[in-house]
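Read-outs: derived from the displayed coordinates by stated rules, not from any lab. What you see is a predicted model, and the numbers here were worked out from it, not measured in a lab. Cβ placement follows ideal geometry from the backbone for every residue including glycine, while neighbour counts extend to all protein chains displayed.
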Amino acid sequence: MTDTEHKKPKPKKLLFLNRRAPYGCSLPREALDAVLMASAFGQQVTLVFLDDGVFQLKKKQDPADIEMKNLSKTFAALEMYGVNEIYVEQASMQKRGLTLAQLLIPAQFIATQELSLMLEQQDQVLSF
Amino acid sequence: MILHTINRSPFGSSCLQSCLDVAAAGSAIILIEDAVYAALPNTQYTDQIAAALGKHKFYALDPDLKARGIHEATLDGIESVDYDGFVALCTEFSKVVSWY
Amino acid sequence: MIFSLTVYGAPFSNQCSDTAYQFASSLLKQGHSLHRVFFYHDGVYNGSVLATPPQDERNIQASWSQLAQQYDLDLVVCVAAGLRRGMLDETEADRYEQPAHNLASGFTLSGLGQMVEAAMVSDRMITFGA
């Protein structure tokens, strides 16, 4: 092992658990800033949307009239940052009448039990 | 395994429900702040929590129970802990997930 | 064991700042190490030296500052979340030509990288949300 390899810490598995709807509360925006930072730090980032958090990914958001920044644009940047592990909990989507086709970025369904397993596999889970 | 913390009352928030849905068998749940109301006996959640006791260890933060006047009668099977106990639980489980 | 805490709620509005403070005191008393407390979202208000609660009430900011002094803690207020909400140190007040600054002693303004770094190096990262 070379010196450089030795000094470089192994990336951590960080899962961001998002449970809030956008605009009514600023946690979703602040969570997204943290996600981008974690990715810039080279960490292994997973993004999960649960409960009202799934509304963050709804297409056609236009907050111009409430004079807020559009969250959609930052979500579109996730791919550029190399964040590809994006999941929406299936039951949360169904309860809210949402389908994958209504989401603004490609996200995968995750079943509740799979999510249980995924949480256990992380180094840290950050809830927003 | 995970230690889940919940800080919202089950009567006004979906935190307890979401946590129970997602928490794997063997993970533990600690009720803090307003979530300690979930430790009350004879509520609409009593049966659900009693059933979940087979799957999870339940704890409640004693200073929060006491502050709310509900420390003397809590559901059987929910263990009261102080802050030192809360910290100790965080070391015993491999990570902590917060529901708020 | 190495802990880091994140605090998202405003003091005096929500209990989570008190819980985080009690938790921090307890872990330090038990000999664990506290790598960082990162104040984000409305948690940034924990660092305001201008909070003036009545004398018979706890002053959360003062408690944090004392704890920081006693244990040489790294209390970080997120600069982006803080500036939006009017949490400034002298440097930022000068930079943005604001008439005052209010960041209490023991706290520093820094970026989100500090939160990510805390998640990387700590055994336990614990969120105190509101």
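Laid out as a table, the results:
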quantity	calculated
³J(HN,Hα) computed for each position of segment A:115-128 - Karplus, 6.51 cos²θ - 1.76 cosθ + 1.60, integer Hz, glycine/proline x	5, 3, 5, 4, 4, 5, 7, 8, 7, 9, 10, 10, 8, 10
For A:Phe75, C:Phe128, order by how many other beta-carbon atoms lie within 10 Å, fewest first	A:Phe75, C:Phe128
Per principal axis, descending, Cα span of chain B in whole Å	31, 28, 23
Charge dipole (chain B, unit charges on Cβ, about Cα centre) - positive-most of B:Ser94, B:Tyr59, B:Pro41	B:Ser94
Sorted by Cβ neighbour density within 10 Å, fewest at the top, the residues A:Ile66, B:Ile49	A:Ile66, B:Ile49
Set B:Lys57/B:Lys95; A:Lys13/B:Lys55; A:Lys13/A:Lys59; A:Lys12/B:Lys95; A:Lys13/B:Lys95 screened for pairs whose C-alpha atoms are more than 21 Å apart	A:Lys13/B:Lys55; A:Lys13/A:Lys59
Between 0 and 90°, nearest 10: helix C:16-29 axis offset from chain C longest Cα axis	50
Assigned charges on the beta-carbon of Lys, Arg, Asp, Glu; segment B:13-100 dipole about Cα centre (debye)	240
Point-to-point label distance, C:Glu92-A:Leu100, nm (Cα→Cβ direction, 7 Å offset)	4.1
Nearest-ten-degree value, helix A:27-40 long axis tilted from longest Cα axis of chain A	30
Long-range tail of P(r) for segment A:14-127 (Cα pairs > 16 Å, %)	57
Tensor-based shape of the protein assembly as shown (alpha-carbon gyration tensor, a/c under 1.5 rounded, otherwise prolate or oblate)	rounded
Normalised alpha carbon radius of gyration of chain C [divisor 2.2 N^0.38 Å]	0.99
Farthest toward positive dipole pole in the protein assembly as shown [+1 Lys/Arg, -1 Asp/Glu at C-beta], among A:Ala64, A:Leu126, C:His35	A:Ala64
Difference of contour (0.36 nm per residue) and Cα-Cα distance, C:Val121 to C:Asp72	15.9 nm
Total formal charge among the other residues, if their Cβ is under 12 angstrom from that of A:Lys95, Lys/Arg +1 and Asp/Glu -1	-3
Segment A:41-113: GluC sites (Glu not before Pro) in DSSP loop, at most 16 other beta carbons within 10 Å	A:Glu67, A:Glu79
Restricting segment C:67-124 to chymotrypsin sites (Phe, Trp or Tyr not before Pro) in coil, as DSSP defines it, with at most 15 other Cβ within 10 Å	C:Tyr96
Estimated distance in nm for a label pair at A:Ala76 and B:Met1, the labels positioned 7 Å out from Cα along Cα-to-Cβ	4.6
Using θ = phi - 60° and Karplus 6.51 cos²θ - 1.76 cosθ + 1.60, couplings along segment C:70-75 (whole Hz; Gly, Pro as x)	5, 10, 6, 8, 9, 9
Order of A:Ser92, B:Ser13 - criterion: other Cβ atoms within 10 Å of each residue's Cβ, fewest first	B:Ser13, A:Ser92
Value of relative contact order over segment A:14-127, rounded to a whole percent, pairs C-alpha under 8 Å and six or more apart	33
Neighbourhood net charge (11 Å Cβ-Cβ; Lys/Arg +1, Asp/Glu -1) for A:Ser72	+4
Förster-model FRET efficiency, 30 Å R0, C:Ser105 and A:Glu67, C-beta, rounded to 0.05	0.25
Sites A:Glu120 and C:Ser33, calculated FRET efficiency, Cβ-Cβ separation with R0 30 Å, nearest 0.05	0.75
Net charge over other residues, Cβ less than 14 angstrom from the Cβ of C:Tyr96 (K, R count +1; D, E count -1)	-2
Residue-averaged beta-carbon neighbours from other chains (10 angstrom radius) around B:67-78	0
C-alpha center-to-center spacing [segment B:23-48, segment C:25-88] in angstrom	30
Length-normalised contact order of chain B in % [C-alpha pairs under 8 Å, at least 6 apart]	38
